[in-house]
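The values are calculated or read from the model by the stated rules, or taken from the named source; none is laboratory data. From a predicted model like this one, the values you see are computed outputs, not experimental measurements. Heads up, the Cβs are rebuilt from the backbone with ideal geometry, glycines too, and the neighbour counts pull from every protein chain shown.
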Amino acid sequence: DAGVTQSPTHLIKTRGQQVTLRCSPKSGHDTVSWYQQALGQGPQFIFQYYEEEERQRGNFPDRFSGHQFPNYSSELNVNALLLGDSALYLCASSHGLAGVTSSYEQYFGPGTRLTVT
Amino acid sequence: AQKITQTQPGMFVQEKEAVTLDCTYDTSDPSYGLFWYKQPSSGEMIFLIYQGSYDQQNATEGRYSLNFQKARKSANLVISASQLGDSAMYFCAMRDRTGANSKLTFGKGITLSVRP
């Protein structure tokens, strides 16, 4: 049973460029969430996709956009990269419609480390 | 707004001893879920344990237990019989109630080092 996979593992981009990160959820999961983790910090929620729609969004500018495909995989796009976008980007998958007090945890992928120079 | 506070500096524990990692939270919602994740140097977040706000008993998962004190809004993680492989960052997180399958709000994390 494959877990959450992310690609690429590492990425180096220049300021102003655009980047696309990819995520495949764990088998049986239909919801994908994206998090940004700066060095020495906890992950910060970017947005969540379910049924190919953005369902929730954190406090991130619209330079951050995403997409979910019919097979539940997802992409995170970041335009006009800034130095401050350098971080580990984590994708997490879960089962849709899980309640607040449900024990359904989010399974995380290994992350994509983005460096902006 | 949801908030998770982890203020301990780097923690050290001797192998085979127990250690407690502190977590306090703030929420105005009566329904919430609390999680602990482990993040080794590889970067992947590994789920450890979950506690629901309505659970009457403290959660346990193998060597992990959660000391849930609802009135004090604390959810401390206790690791018994520490192993060298427990050395990692540990994050406390909360699921809020804005919609089903809601986002997780994380604390800043605690570094745990296990000494042989």
Query raised in the report: Inside segment A:35-54, can you point out the residues that are of a type outside the set (Val, Ile, Thr), at the interface with chain B (Cβ under 10 Å from one of its Cβ atoms) and touching a residue at least 24 places away in the same chain (Cβ under 8 Å)?
Result: A:Tyr35, A:Gln37, A:Pro43, A:Tyr50
Query raised in the report: Assuming A:Ser86 fulfils every condition listed in (1) within 13 Å of another protein chain (Cβ to nearest Cβ); (2) touching a Ser or Thr at 6+ places or on another chain (Cβ under 9 Å) apart from one, which condition is it?
Result: (1)
Query - Condition met for A:Ser74 (within 12 Å of chain B (Cβ to nearest Cβ), touching a residue at least 12 places away in the same chain (Cβ under 8 Å) and under 16 Å from A:Gly3 (Cα atoms)) - result: no
Requested in this report: Look through segment B:18-31, keep the residues that are assigned to a loop (DSSP other than H, G, I, E, B) and within 17 Å of B:Ser65 (Cβ to Cβ), and return whichever of them is nearest to the other protein chains (Cβ to nearest Cβ).
Outcome: B:Cys23
Query raised in the report: Scanning segment B:1-14 for residues that are in contact with a Ser or Thr (Cβ under 6 Å, 6 or more places away or on another chain) and in a loop (DSSP other than H, G, I, E, B), which turns out farthest from B:Leu77 (Cα to Cα)?
Result: B:Gln2
Requested in this report: Would you tally the residues in segment A:8-51 being among the small types (Gly, Ala, Ser), modelled with pLDDT of 95 or more and surrounded by fewer than 13 Cβ atoms within 10 Å (Cβ to Cβ)?
Outcome: 1
Requested in this report: Give the residues of segment A:55-67 that are at the interface with chain B (Cβ under 10 Å from one of its Cβ atoms) and not in a strand (DSSP E or B), sorted by residue number.
Outcome: A:Gly58
Query raised in the report: If we keep just the residues of segment A:17-34 that are out of contact with any Lys or Arg (no Cβ under 7 Å at 6 or more places or on another chain) and outside any loop (DSSP other than H, G, I, E, B), which is farthest from the other protein chains (Cβ to nearest Cβ)?
Result: A:Thr20
Requested in this report: Looking for whichever is within 25 Å of A:Phe47 (Cα to Cα), within 14 Å of chain A (Cβ to nearest Cβ) and out of contact with any helix residue (DSSP H, G or I) (no Cβ under 9 Å at 6 or more places or on another chain) here; the options are B:Ala93, B:Ala88, B:Ala59. Which one fits?
Outcome: B:Ala93
**Report entry** Which listed residue is within 14 Å of chain A (Cβ to nearest Cβ), on the phi < 0 side of the Ramachandran plot and surrounded by 14 or more Cβ atoms within 10 Å (Cβ to Cβ), from B:Leu34, B:Leu77
**Finding:** B:Leu34
Query raised in the report: Can you pull out the residues in segment B:37-57 that are farther than 30 Å from A:Pro110 by Cβ and surrounded by fewer than 14 Cβ atoms within 10 Å (Cβ to Cβ)?
Result: B:Tyr54, B:Gln56, B:Gln57
Requested in this report: Assess whether B:Tyr50 counts as being at the interface with chain A (Cβ under 10 Å from one of its Cβ atoms), hydroxyl-bearing (Ser, Thr, Tyr) and under 30 Å from A:Glu53 (Cα atoms).
Outcome: yes
Query raised in the report: Are any residues in segment A:25-42 of a type outside the set (Val, Ile, Thr) and under 10 Å from the mean Cα position of the chain (by Cα), and if so, which ones?
Result: A:Ser33, A:Trp34, A:Tyr35, A:Gln36
